[in-house]
1. Among M107, N339, A277, which residue has its Cα positioned farthest towards the positive end of the charge dipole of the chain, with +1 placed on the Cβ of Lys and Arg, -1 on the Cβ of Asp and Glu, and the dipole taken about the Cα centre?
2. For K190, which lysines qualify as cross-link partners when the Cα separation must be under 20 Å and same-chain residues fewer than eight apart are set aside?
3. To the nearest 0.05, how large is the calculated FRET efficiency for K392 and D365 if R₀ is 25 Å and r is the Cβ-Cβ distance?
4. Starting from a Cα-only point model with no solvent, please compute log10 I(q)/I(0) by Debye for segment 1-173 at q = 0.17 1/Å.
5. Considering the chain as a Gaussian network with a 10 Å cut-off on Cα pairs, which listed residue, G11, G199, G395, attains the greatest mean-square fluctuation?
6. Going by alpha carbons, how many degrees (0 to 90, nearest 10) lie between the helix axis of 398-415 and the longest principal axis of the chain?
7. Would you mind checking the tilt of helix 140-154 against the longest principal axis of the Cα atoms of the chain, expressed as 0 to 90 degrees and rounded to 10?
8. Can you list the HN-Hα couplings for segment 236-252, worked out from phi with the Karplus curve (6.51, -1.76, 1.60; θ = phi - 60°), rounded to whole Hz and with x for Gly and Pro?
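Every number here is computed from the coordinates shown, using simple stated rules; none is lab data. Fair warning: this is a prediction, and the values are worked out from it, not measured in the lab. Using ideal geometry, Cβ is built from the backbone for each residue, glycine included, and neighbour counts are taken over all protein chains shown.
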Amino acid sequence: MAVDIRFDLNGNETIYTGNPSERLLDVLRDSYGLTGTKCGCKEGECGACAVLISNRLVNSCLVAMGSISNKCVVTIEGYSKTERFSALDNAYASVSAVQCGFCIPGMMMASEGLLASNPDPTEEEIRIGISGNICRCTGYNSIVKAIDIAAKDYKNAKKENTASSGIGSQKSKPYEFAPTTLAEALKFRKITSLIPYSGGTDLMVPPTCRESEYLFINNILEMRNITSDEVFIRIGAACTFTEVIENPLTPAILKEACQQIAAPAIRNAGTVGGNIANGSAKADSALIFMVTDSLLRLVSTDGERTLPIKEFYCGKGKTVLADDELILEILIPKKGIDNYYYKKVGARNALAISRTSFAGILDIDDGIIVDCATAFGAVCDVIIRYNEIDNKLIGKTLEEARCLKNEYLKAYDEAIQPRRGRVGIEYRKDICMNLLRDFLESNGI
Ligand code: FES
Ligand code: FES
């Protein structure tokens, strides 16, 4: 099905006519001849395809055309016409941060993405900023130096061409299946063949992604708020991980987990709702919602329901989300979640998928454990959360908990049955038990 999608490309109002499920990367290269954007892995792992959308760095291989209706896209070709590019270019040259033609466009876009949001980055922040860009022959140290040098000249350099004066200010009618209100989205949700597309970072990985039809829910205002009331912090399901990290209302445990999700380009696109809805046991933010016993608010044209997230999952990749429902928001209880422990074990920080992750919360009041909660991700088909085992420690003093420690660990040792995946069963089990022990010991148990 060919549709018209209006967007701004390097400062020019553009109408794309074609399949809305096509990858932005392929369209840039094949339809517009913008071959500076490179195709590497098509899985969001290498950063060669990086572009800016609404001034945020994203991997264009994981972006479907339907999601960019009315948005501003900047590629290396557009960015290279700015003063800021010249400042960066000079800085790269000054320290011989020489990259091959395959890596450098993505590195430059990542540099701009970082400096646009953080004009004075530390060395660690620079390394995180480019962590999603892989140089196959290694040359990171000089790039880090170059970005540090560029930061000094950057503030005064003009940014023109990196934001449009076209579509961004004169909104046109968006593509039909990219609604901007919840009411419209729920109406289209009745078309059950449409797959809800929020961030695209998961849906766009399979080579067959362009054959699916999507309902683009990444622009729905009601799903993009983060608010707080007496009891809950409410996170809109279409909030990206970056938006969650940047919001002052976000609890520390969720912020920390989101900061460890892959690299900036993934965090700028991936959403908490998408992370939950795919039903994956590896979903990092879902692990935090599980350990905090958060609630999900699900909506359809027939009404709404709120249920504990634990009841949302019903097997590998399976959830109870009805065909006509959407996740509207996640309700995190405010009380008792400050004393937490979180660890993610993976091959490298910027890799999206963890090998095992663990979160624990111990709420102690006046020497008594009033709540104990643990959750394990990426171990078996669903996120593990055994309330009945954790309840053994509730109501106990730390001294009593120390006496129960072996019994508690034994119960977990018997209950956790890891599945073989990228790593072996025994390895996974060892990590789980070590993290659990560390969680207890860090709390004096
Ligand atoms: Fe590798 Fe897009 S091609 S991240
Ligand atoms: Fe391209 Fe290292 S510069 S692989």
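1. M107
2. Leaving aside lysines fewer than 8 places away in the same chain, those within reach of K190 are K318.
3. Approximately 0.90, to the nearest 0.05.
4. -0.99
5. G395
6. Once rounded, one gets 70 degrees.
7. Approximately 70 degrees, to the nearest ten.
8. x, 5, 8, 6, 6, 4, 5, 4, 5, 4, 7, 7, x, 7, 5, x, 4
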